[in-house]
Each structure stands twice: as structure tokens, then as C-alpha cells.
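So the structure is just underneath, and the comments pick up after that.
The values are calculated or read from the model by the stated rules, or taken from the named source; none is laboratory data. Predicted model, so just to flag it, every value in this text is computed and none were measured. Positions of Cβ are backbone-derived with ideal geometry, glycine not excepted, and every protein chain shown enters the neighbour counts.
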Amino acid sequence: MNKFLREAKLWLIAIPILLWTLLPIYHIFLFSISSKDSAFSGALWPDHPTLRNFGTVFRQEHFYLHHFWEQIWNSLWIAVAVGVITLFIATCAAFAISRLKVRGGRTVMNAALFTYFIPAAFLAVPMYKAMGTYGLLNSRWSLVLAMVTLASPYAIWVLKQASDKLPWELDEAARIDGATPLQLFRLVYLPLMMPSLVAIGTYALLLAWNEYLYAFLLLSHENTIPLAVGLGHFLASDDSPWELLMATALIYALPPAAIYYAFRRYMVGGLTVGAVKG
Amino acid sequence: MIAPYVLVFLVFVVYPVTYGLWLARHPQSYVTLFDDPVFFRTVVNTIVFLMVAVNVKFALALFLSGFFVHDRAWIRWLSVIFIIPWAVPAIPTIFSIRFMLNPEWGIINSVWFRLTALDGPNWLNDPTLGLTMAMVVHIWKALPFWTLILIAGRLAIPRELYEASSVDGATSWQKFKYVTWPSIRTLYLSSTILSMIWTLGDFNSVYLLTGGGPADLTHVLATLGIRYIRLDQVDQAMATIVVALPFVLPLVYFMMKRLSANE
């Protein structure tokens, strides 16, 4: 009886958690399979569920959707570029700081961490101004470089931590065999670091795909903006087609969610646990 | 090999920040800023947002982490679902909540009407309710992450401590007070500091929900800077950030100290 009561108490906590978590998600799904009338009626389930909204989105048959495929391509292009460049920069930096023990490595690490802890919305203002001076505004590269700047500090930190754990004997053995630092990097370091590299590449990719603020500040042409900014444009008028907005939003949210769950083991914790554990 | 990152840091952090501070050098910018009634309101909103949202979020995360450490298969499944708000991008879900709160067509007021036969409140057209809802959105999004951090903290506590206190006949409250809390206090406090920094930079929860409205009454510092940029007043935007720095930098300094202490 006591055991039963304890289980009942757990379920009593579980039900509100489930409702709280899923309601906004369910609402997106509900709208994307509803006609406009049904969506605006406040119904909890549409009378006639339909996939028409997705057809409209894929065929770009609405004013706000004229650049749908182009914008999803921009999102993908930017995310992949940020992932690749961040991975390159962070791997080199982590290798130099952790294995080659270059002078000033500690200072660079601190500079990176400082960038990581400054709220991104604060850095956005000077970044916007600087991109203007560089003449990069409205070029996809401005967003790529800004996101690389934001993603690198965490990437370097995680890779440095992982790389500190590799045994030193490997480096020594390679040196005795006459390996140059570059050979050490390519033949010993990279293969051993592969799991962390995959995780960090994914992290940078998702960060860029999900970003809204920097994208909306730095890019404004219909054909350079990623889908995130395209979604924001839906709210420009009062009678927005919310059922189409939600269908597009669902398409936009699915790939990063799938990737997140596929790499879930690597995605949580990391720096934060390192930073906050006493 | 460290050069690529140093280059990125110089070109996209050092130069912009220096240039930004240089733009913010005119005392006139600060006079204009302090004269702007929106600015004063924004500072109050930001303080309320930080105090209320961060503390409520952590109280909930502390409670929920205690729930999720129960060893049941169905609770592990629930934790997979619970992480969704953190796993998906911000815009879709915030827009979804925005329409749910629509006074005429939103699902919340429609259910409200069915239950009470009264019209529900105009959620986002009232500054107090609007800011409250922005805090709810923020908590909805960030709660899973901090709950996971606190779960990790709780799981690191040796089981023997709990077994020993059970033998001594401790109640669950006593177990929390004398075993759990002393073990995770440091984690809890530094998580709160880090979360304050990140919450200060939370642009999406406010901007995508209320847009700072009605009548610019729900801005926080993160959205106000961007508002000045949209109005083409970049000096003003920089001044806003400079004003916030005395509050942000000590927190950042604390976190960096903490990290180097752990190495």
C-alpha cells in the first residue's frame, strides 16, 4: 500500500511535466495539420486533419514562402560552413594548447572563455557594426564568421579537455620515431579525438542552424536569409497564415531535433558541468 | 596552429568591442539614454526578469532533479521527452506559445472560455502579463538543461550516505537537508550565476513573444540594444551595453575564476 502511494505521487508529478513540456510542441503539430479556419477556432483537434499546408510550403505557394527552398538551403549552407570552420579552428587551437604547449596558450584559452561567458546578445551590437565596416553585411559569410566566433570558445575548451586526457607516451613514441608535429597531429591526434570532434562539429552546426538574433541582424535580403529569419517575416502583418507558419516551423525544427537526439549522449553537460562543479 | 583562432578573436571580438566602446565614448549618449523613459522601464524589467525567472527556474530544476533521479524505466523515458524544449530551436516553440496566448483565437483563452464562460485576459497586450509570459517561455526553454545539470550533481552523491541516513531513521526532508543540499550547494550556486549571465543575454524569449511591446514596456537590456540598432542609433545601443557591463563583468569574472580553480 505504501509502495502504491509512492508510485502514485510520482505519477502526480509526471503528468504536469508531460503537459507543460508537450503542449507548445503539440500546438505546432496541431496547426500544421489544420486548415486556417480550424486553427483559428481554438479546437484541440481539427475536424478534418490535412497535409495540404505542407504541399503549400513545398510548392512555395504563398507570399511568405516564395523563397522557402532557397532559405532552407541557406540555413544548411551556413550550418555546415560553421561546423566545418569551427572544427578546423578549434582542433588546431586545442592541439596547440594541450599537446604542443605553445606559449601564450593559457592566455588564448582565457580570451576564448571570456567570449563564451559574455552574453551573445551584448556582443551582437559591436559585431553588427564591425561587419558593416568589413563590408560583409548581407553576405552569408558575415553570419558564418559571427557564428564561428561564438561557437569556437566552447569547442576549444571541450577539445582541450578531451585532448589533455590522451596519454603523453603516444606523443613521445611518435617523436622518437621522428614524427613532425604535423604528422603527430594527423596520424595520432585526429584519429584518437574522433568522438569529440563529431560531437563538437554537431554542436557548432546546431548552434548555427538554430540562431535567430545574429541572422536577423546581419542578413536582410530575401535570398541570403536562412529559414529562421524567413519564419520571423511571417509576423510582418496582422492576418498571418499561422497554419503555414507552423508547418514551415515544424519542417525547420525537425532536422536539428533529430540530430540532437542522435548525439544526445554528447550534447549536455561538457563545459557547464566543468564550470559549475565545486 | 593557434593562429586561426587568434585571428578570429582579434577580428571578430577585439576589434568590434574596441570600436563599440569608442562609439560609446560620448557623455551625450548616456544623457539621452537616461532621459529615455523606455530605458528606465527596461532596467526594472531586466532586474525583475533575472530575479524571478532565474530563481523560479532553479527552484523547479532542484525539485524536478529529485524526481528524475528515481530509478524507473518510465521516468527515463519521461526525461527523454522532457528535454525536447532544449533540443528544438527557439523560434517555432516561442511562436507557438505566442499564438496559444492570442486573446481571441488562442487555445488558452478558448479553453478558459469553455471552463468559465468568461473572456480570458489579453495576455500579451498587458505589460505585466506580457513580461510574465516571457519569463514563462524562458523557463520552459531552459528548465530541462538546468534540471539535467542538477541531476548529474545528485547522481554524483555516494549512495552510502543515503543508506546510512536511512539506517539512522532520517526522513526524506532530513536527507535533503543534511545529505543532498550540502553536496550540491556549490553546483547550485555557480549554476545560478552562469544562468544569470545567459538570461541577461536572452533575446529570443522577449523579442519573439512580445517584440518589446506593448508600447516598448516589456523590453529587457538584450532587446533594447537591438531596438536602438533598428532605429539606427548605434551609439545609443552601445551605451546601453556599456551601462550593463558593471553588472555583467563581475559575474563573468566569477565564472572564469571558478573554471581555472577546477583545472
In the stretch A:198-254, how many are facing chain B (nearest Cβ under 8 Å), over 19 Å from A:GLY83 (Cα atoms) and small (Gly, Ala, Ser)? 2
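Restricting to the stretch B:88-107, what's the tally of residues that are at pLDDT below 90 and crowded, with 20+ Cβ neighbours inside 10 Å? Give the derivation first.
Quick first cut of the stretch B:88-107, residues at pLDDT below 90 only: B:102-107.
With crowded, with 20+ Cβ neighbours inside 10 Å added as a condition, the list becomes B:106-107.
Result for the stretch B:88-107: 2.
Can you list the helices (runs of 4 or more DSSP H) lying wholly within the stretch A:125-232 that have 3 or more residues being touching a Phe, Trp or Tyr at 6+ places or on another chain (Cβ under 6 Å) and not acidic (Asp, Glu)?
On the way: elements: A:140-164, A:168-176, A:190-210, A:213-218.
Of the helices (runs of 4 or more DSSP H) lying wholly inside the stretch A:125-232, those with at least 3 residues that are touching a Phe, Trp or Tyr at 6+ places or on another chain (Cβ under 6 Å) and not acidic (Asp, Glu) span A:140-164.
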Being without any contact (Cβ under 8 Å) to a residue 40 or more places away in the chain, within 30 Å of B:PHE39 (Cβ to Cβ), within 11 Å of chain A (Cβ to nearest Cβ) and not in a helix (DSSP H, G or I), is that true of even one residue in the stretch B:208-224? yes
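Residue-by-condition table, conditions (1) among the acidic types (Asp, Glu); (2) at negative phi; (3) in contact with a Cys (Cβ under 9 Å, 6 or more places away or on another chain):
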| site | (1), (2), (3) |
| --- | --- |
| A:GLU70 | yes, yes, no |
| A:LEU87 | no, yes, no |
| A:LYS101 | no, no, no |
| A:LEU123 | no, yes, no |
| A:PRO153 | no, yes, no |
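Being part of a helix (DSSP H, G or I), among the aromatic types (Phe, Trp, Tyr) and within 9 Å of chain A (Cβ to nearest Cβ) is the filter; apply it to the stretch B:175-207 and report the residue that is surrounded by the most Cβ atoms within 10 Å (Cβ to Cβ). Break it down into steps so the answer makes sense when it comes.
First, the residues of the stretch B:175-207 that are part of a helix (DSSP H, G or I): B:175-200, B:204-207.
Subsequent filtering for residues that are among the aromatic types (Phe, Trp, Tyr) retains B:176, B:178, B:181, B:188, B:198, B:207.
Then keep just the ones that are within 9 Å of chain A (Cβ to nearest Cβ); that gives B:188, B:198, B:207.
Details: B:TYR188: 20, B:TRP198: 17, B:TYR207: 24.
Of everything passing the filter in the stretch B:175-207, B:TYR207 is surrounded by the most Cβ atoms within 10 Å (Cβ to Cβ).
Which members of the stretch A:103-112 meet the condition of being part of a helix (DSSP H, G or I), surrounded by fewer than 22 Cβ atoms within 10 Å (Cβ to Cβ) and at the interface with chain B (Cβ under 8 Å from one of its Cβ atoms)?
Filtering the stretch A:103-112 down to residues part of a helix (DSSP H, G or I) leaves A:105-112.
With the extra rule that they be surrounded by fewer than 22 Cβ atoms within 10 Å (Cβ to Cβ), the set shrinks to A:105-108, A:110-111.
Once the filter is applied, which keeps residues that are part of a helix (DSSP H, G or I), surrounded by fewer than 22 Cβ atoms within 10 Å (Cβ to Cβ) and at the interface with chain B (Cβ under 8 Å from one of its Cβ atoms), the stretch A:103-112 yields A:GLY105, A:VAL108, A:ASN110, A:ALA111.
Table: residues versus (1) at the interface with chain B (Cβ under 8 Å from one of its Cβ atoms); (2) within 19 Å of B:MET1 (Cα to Cα); (3) surrounded by 16 or more Cβ atoms within 10 Å (Cβ to Cβ); (4) not small (Gly, Ala, Ser).
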position: A:ILE72; (1), (2), (3), (4): no, no, yes, yes
position: A:LYS101; (1), (2), (3), (4): no, yes, no, yes
position: A:PHE114; (1), (2), (3), (4): yes, no, yes, yes
position: A:MET127; (1), (2), (3), (4): yes, no, yes, yes
position: A:MET147; (1), (2), (3), (4): no, no, yes, yes
position: A:LEU150; (1), (2), (3), (4): no, no, yes, yes
position: A:VAL158; (1), (2), (3), (4): no, yes, yes, yes
position: A:ALA162; (1), (2), (3), (4): no, yes, yes, no
If we keep only residues of the stretch B:62-105 that are of a type in the set (Gly, Ala, Ser) and either within 7 Å of another protein chain (Cβ to nearest Cβ) or touching a Ser or Thr at 6+ places or on another chain (Cβ under 9 Å) (or both), then the residue farthest from A:ASP239 (Cα to Cα) is B:GLY66
By residue number, the members of the stretch A:1-33 that are modelled with pLDDT of 90 or more and part of a loop (DSSP other than H, G, I, E, B) are A:ILE33
Scan the stretch B:151-174 and tell me whether some residue there is assigned to a helix (DSSP H, G or I), within 23 Å of A:SER240 (Cα to Cα) and small (Gly, Ala, Ser). no
Checking B:THR132 against (1) out of contact with any Ser or Thr (no Cβ under 9 Å at 6 or more places or on another chain); (2) under 30 Å from A:TRP242 (Cα atoms); (3) more than 8 Å from every other protein chain (Cβ to nearest Cβ); (4) at pLDDT below 95, which single condition isn't satisfied? (4)
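Is one or more of the residues making up the stretch B:71-78 touching a Leu at 6+ places or on another chain (Cβ under 6 Å), without any contact (Cβ under 8 Å) to a residue 24 or more places away in the chain and either in a helix (DSSP H, G or I) or surrounded by fewer than 17 Cβ atoms within 10 Å (Cβ to Cβ) (or both)?
The initial filter retains those residues of the stretch B:71-78 that are touching a Leu at 6+ places or on another chain (Cβ under 6 Å), namely none.
No; the residues of the stretch B:71-78 include none that is touching a Leu at 6+ places or on another chain (Cβ under 6 Å), without any contact (Cβ under 8 Å) to a residue 24 or more places away in the chain and either in a helix (DSSP H, G or I) or surrounded by fewer than 17 Cβ atoms within 10 Å (Cβ to Cβ) (or both).
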Find all pairs meeting these conditions: Cβ atoms under 9 angstrom apart; at least six residues apart or on different chains; first residue within the stretch A:191-211 and assigned by TED's automatic domain parsing to the domain that holds A:ILE251; second residue among the basic types (Lys, Arg) and part of a helix (DSSP H, G or I). A:ALA199/A:ARG265
Every residue in the stretch A:37-70 that is more than 14 Å from chain B (Cβ to nearest Cβ) and assigned to a loop (DSSP other than H, G, I, E, B), please. A:ASP47, A:HIS48, A:PRO49, A:THR50, A:LEU51, A:ARG59, A:GLN60, A:GLU61, A:HIS62, A:HIS66, A:HIS67
Boolean, A:ILE78 is more than 9 Å from chain B (Cβ to nearest Cβ) and within 24 Å of the chain's Cα centre (by Cα): yes
In the stretch B:144-170, what count of residues is obtained for those that are surrounded by fewer than 16 Cβ atoms within 10 Å (Cβ to Cβ) and either in contact with a strand residue (DSSP E or B) (Cβ under 7 Å, 6 or more places away or on another chain) or within 14 Å of another protein chain (Cβ to nearest Cβ) (or both)? 3
Here the qualifying pairs (Cβ atoms under 7 Å; residues six or more apart or on different chains; first in the stretch A:24-45 and within 17 Å of B:GLU104 (Cβ to Cβ) and outside the structural domain of A:ILE251 (by TED's automatic domain parsing); second among the hydroxyl-bearing types (Ser, Thr, Tyr) and modelled with pLDDT of 90 or more) come out as A:HIS27/B:SER96
